[in-house]
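A short write-up of the structure that comes next.
The values are calculated or read from the model by the stated rules, or taken from the named source; none is laboratory data. Keep in mind the model is a prediction, meaning the values are calculated, not measured. Here the Cβ is made from the backbone with ideal geometry for all residues, glycine too, and neighbour counts use every protein chain on show. Just the protein is used for accessible areas: all its heavy atoms, side chains included, with ligands, DNA and RNA removed. Shrake-Rupley method; radii C 1.70, N 1.55, O 1.52, S 1.80 Å.
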Amino acid sequence: MRLKAVLFDLDDTLYTSFQEGDAYGYEQLAAWAEAELHVSGEAFAESFRQSRRHLARQQPGMPPIHDRVLFAQRALERMGLNAIRYARQAHRIYWEAVFAKMELRPGVTALLDEVRLAGINTAVCTDMLADIQMEKLERLGLAGRIDYLVSSEEAGMDKPAAPVFWLALQKCGCLPNEAVMVGDNFRHDVQGAMDAGMRGVWLNWTRLPAPADDRTYFEAHTFEQAADYIRTLL
C-alpha cells in the first residue's frame with residue numbers, strides 16, 4: 001500500500017548523542033550543587049543517579065521514570081535539602097546541558113522536507129515527557145517540520161508498548177501497513193513497530209549485532225542511509 005506516514009524516534013535518531021548530553025548534564029548538576037547548595041557535587045550527582053534507578057525499578061516502563069524533577073526531588077530529600085525550592089532548578093540545569101550537546105544528524109531536514117512535499121505525515125514517537133521533547137524539536141529547528149508528537153507520557157507507557165504506535169497511527173490517519181518507523185533502539189523502535197504491523201528501519205549507528213528476529217526490516221548505519229531507503233517508499 002502507499003506510504004502515508006513516517007514515524008521517528010527522537011533521541012539518538014534525529015540527533016546525537018543523548019548519552020553525551022546526559023553525561024554533561026551530570027557534570028553541570030555537580031557544579032551547580034557545589035555553587036548553589038554548598039554540598040559535594042559528586043554526592044549530589046550520585047544521589048540523582050540513584051533516584052533515577054530507584055524510580056525505574058518502582059515504575060518500569062512508565063513515563064515518570066523520565067521526569068528529572070522527580071529525580072532531583074528524591075536526591076534533594078535524601079540529602080536533607082529543600083526539594084520544593086531546588087528541584088525544578090536542578091531539572092533546568094540538567095536539560096540545558098543536554099540541549100547544548102544536541103547535534104542534528106545530517107540529512108534529517110532534507111528528508112523531512114521531501115516527505116512533506118510528497119504529502120506524507122510525520123510523527124515523533126518517543127519515550128519521554130511531552131514538554132521536554134517539544135523543546136528539543138524547537139531547538140533542533142524541527143518543530144515546523146514534524147506534524148505530530150506522541151510521547152510515552154501521552155500514551156501512558158513506554159515503547160515498545162503498542163499504545164505509543166497506535167496513537168501515532170491514529171494522529172496520522174493511516175493503517176499500520178501504510179507507515180514506517182525509524183529508530184536506533186531495535187527492541188523499542190523496530191520490534192515495537194513491527195509488532196504493531198508497521199515496517200521498521202533500524203538506525204544501528206553504534207553497529208550492534210543484529211538481534212534474532214525473522215521479520216524483514218531495513219538496517220542503516222547512518223541517517224542518510226535510512227533516508228535513502230525511505231525515499232524508495234515515497
> Going by accessible area, probe 1.4 Å, with all protein chains left in place, what is the ranking of 22, 189, largest first?
Replying inline: 22, 189
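If I take every Cα pair under 8 Å that is 6 or more residues apart in the range 82-182, average their sequence separation and divide by the length, what percent do I get for the relative contact order?
On the way: 92 pairs, mean separation 23.3, N = 101.
Value for the range 82-182: 23 percent.
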> Counting only protein chains, not ligands or nucleic acids, how are 94, 229 ordered by accessible area (probe 1.4 Å), most first?
Replying inline: 229, 94
> How high is the relative contact order of the range 140-234, in percent, with contacts defined as C-alpha pairs under 8 Å that are six or more residues apart?
Replying inline: 19 percent
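With every protein chain left in place, what is the accessible area per residue of the range 23-108 in square angstrom, probe 1.4 Å?
Values: 4360 Å² over 86 residues.
With the other protein chains kept in place, the range 23-108 gives 51 Å² per residue.
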>> With every protein chain left in place and a probe of 1.4 Å, what is the accessible surface of residue 42, to the nearest 10 Å²?
In response: 150 Å²
> Scanning the chain for trypsin sites (Lys or Arg not before Pro) in DSSP loops with at most 12 other Cβ atoms within 10 Å, what's the longest stretch left with none?
Replying inline: 3-206
>> Using only the alpha-carbon atoms, how far is helix 108-117 inclined from the longest principal axis of the chain? Give it as 0 to 90 degrees, nearest 10.
In response: 40 degrees
>> Give me the base-10 log of I(q)/I(0) for the chain at each q in 0.12, 0.15, 0.16 Å⁻¹, Debye formula, one uniform scatterer per Cα, rounded to two decimals.
In response: -0.68, -0.98, -1.08
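Take every Cα pair under 8 Å in the range 26-120 that's 6+ residues apart, average their separations, divide by the length, and report that relative contact order as a whole percent. List each step's numbers first, then the result.
Working: 76 pairs, mean separation 21.8, N = 95.
Reported as a whole number, the value is 23 percent.
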> Quick one: with all protein chains in place, what share of the accessible area of the chain is carbon or sulfur, to the nearest percent (1.4 Å probe)?
Replying inline: 51 percent
